[in-house]
1. For segment 185-222, how many residues are of a type in the set (Asp, Glu) and modelled with pLDDT under 95?
2. For segment 233-251, name all the residues that are surrounded by fewer than 17 Cβ atoms within 10 Å (Cβ to Cβ), on the phi < 0 side of the Ramachandran plot and not in a helix (DSSP H, G or I).
3. Residue 305 fails exactly one of the following numbered conditions: (1) surrounded by 22 or more Cβ atoms within 10 Å (Cβ to Cβ); (2) small (Gly, Ala, Ser); (3) outside the structural domain of residue 268 (by TED's automatic domain parsing). What is the number of that condition?
4. Given 216, 199, which one is buried (at least 21 other Cβ atoms within 10 Å of the Cβ), under 22 Å from residue 296 (Cβ atoms) and not small (Gly, Ala, Ser)?
5. State whether the residues of segment 130-141 include one that is acidic (Asp, Glu), more than 30 Å from residue 273 (Cβ to Cβ), over 18 Å from the mean Cα position of the chain (by Cα) and at pLDDT 95 or above.
6. Residue 231: modelled with pLDDT of 90 or more, assigned by TED's automatic domain parsing to the domain that holds residue 297 and under 19 Å from residue 295 (Cα atoms), yes or no?
7. Could you tell me which residue of segment 73-103 is surrounded by the fewest Cβ atoms within 10 Å (Cβ to Cβ), considering only residues that are charged (D, E, K, R) and within 21 Å of the chain's Cα centre (by Cα)?
8. Specify the residue that is surrounded by the most Cβ atoms within 10 Å (Cβ to Cβ); the eligible residues are those in segment 327-351 that are in a helix (DSSP H, G or I) and among the acidic types (Asp, Glu).
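The values are calculated or read from the model by the stated rules, or taken from the named source; none is laboratory data. It should be emphasised that the depicted structure is a prediction, and the values quoted were computed from it without experimental measurement. Cβ coordinates were reconstructed from backbone atoms using ideal geometry, including for glycine residues, and neighbour counts include every protein chain displayed.
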Amino acid sequence: MADSRKRVFVSVISDLVTDQRVHRTSLALFHKGLNVTLVGRRLNSSLEMKAREYHVKRFRLLFEKGPFFYLFYNLRLFFFLLFKKTDVLVANDLDTLPANFLVSKIKGATLYYDSHEYFTGVPELAHRHTTRKIWKLMERCLLPRLKHIYTVNESIADLYRKEYGVNPSVVRNLPFRQNDLERKKSRADLKIPTDKKLLLFQGAGINIQRGAEEILESMQYLDDCVLVFIGSGDVIQTLKKEAVSLNLSQSVFFFPKMPLDELRQYTVLADLGLSLDKDTNINYRFSLPNKLFDYIQAGVPVLASNLPEIKKVVEKYQIGMLLNSHDPREIANVIRDFFSDADRLASWKENLKFAAQELCWENEESRLFKIFEDVI
């Protein structure tokens with residue numbers, strides 16, 4: 001019997017395993033009765049994926065980074081989508097938009113564009129002027145021609161409104177609500193000291209200008225704390241060398257990227273969750289990181305950079321402190337202050353329970369359904 005459901009192809013350039021946003025989108029559309037396929041890539045270092053309710057396709061490519069990677073990924077994606085019966089295309093970020101846009105025009109499929117960040121403002125493009133100009137030209141050509149656009153927060157939506165005259169909707173990166181998360185691991189299991197405060201810095205993009213180097217240096221002045229990095233990024237190897245150089249190997253620990261269910265078992269062990277993006281580029285200035293909401297769901301008070309979108313959340317719900325300086329000594333002083341008032345800490349933890357009930361995907365997905373109301 002033929003499948004009469006509308007066919008949706010959601011494409012992203014990540015390897016899918018730890019990409020929470022595209023998983024939530026795909027699952028939500030699947031539960032609304034659509035036939036969903038999520039398309040990404042598979043790297044040599046990619047983790048294995050658990051079975052999902054919707055279909056998954058991951059490409060292996062000869063190149064894993066650089067201009068040839070982006071070119072060949074879009075070529076592979078274009079021909080893959082071209083020969084599939086499809087009703088709806090969802091392009092995630094500018095690096096999947098060219099293939100999706102062309103296929104949508106050829107096949108008459110409805111195209112949705114999800115911008116996870118202000119793509120042309122990422123620090124990796126700051127000094128690569130020719131590359132940035134190419135991406136910017138592509139964005140300038142395509143975005144004004146799109147009907148359905150959404151992004152992660154109001155600040156980025158406003159940038160696109162002013163620059164291109166489009167009107168993006170907003171769907172925030174909120175995780176699923178985690179009620180009564182069972183602790184399956186202990187600090188002893190992870191060989192982390194149990195008599196010190198645990199500072200957690202997690203993320204799939206622990207890259208330059210995200211405060212990782214400074215928080216590591218601050219550990220020289222925090223004898224009663226341990227720092228745990230979980231994830232991947234372009235500064236991880238530098239951080240490991242610096243930890244050895246500063247004789248911090250007994251107080252700074254590194255764990256690789258891991259599936260979300262496993263990551264949560266680490267997150268709930270933390271005493272403080274760190275989100276320290278620096279205001280050095282427009283993309284980080286208006287960031288609203290996944291990890292902020294992951295800390296909230298785990299009941300972990302946060303120390304976060306004083307950036308507009310992050311500030312709104314921390315101050316509205318009163319769940320931690322904002323950092324105004326990335327000087328390592330000043331960070332250490334703020335962390336000591338963070339733990340100095342037991343009553344305030346207890347209040348933050350109580351407020352986190354309320355924040356976790358509000359800031360979850362179960363409440364946010366109604367925004368997604370409104371965007372897709374013509375096809376569900």
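1. Residues flagged as of a type in the set (Asp, Glu) and modelled with pLDDT under 95 within segment 185-222 amount to 2.
2. Listed by number, the residues that qualify are 234, 246, 249, 250.
3. Exception for residue 305: condition (3).
4. Sole residue among the options that is buried (at least 21 other Cβ atoms within 10 Å of the Cβ), under 22 Å from residue 296 (Cβ atoms) and not small (Gly, Ala, Ser): 199.
5. yes
6. It is true that residue 231 is modelled with pLDDT of 90 or more, assigned by TED's automatic domain parsing to the domain that holds residue 297 and under 19 Å from residue 295 (Cα atoms).
7. Per the criteria, the residue is 93.
8. In this case the residue turns out to be 330.
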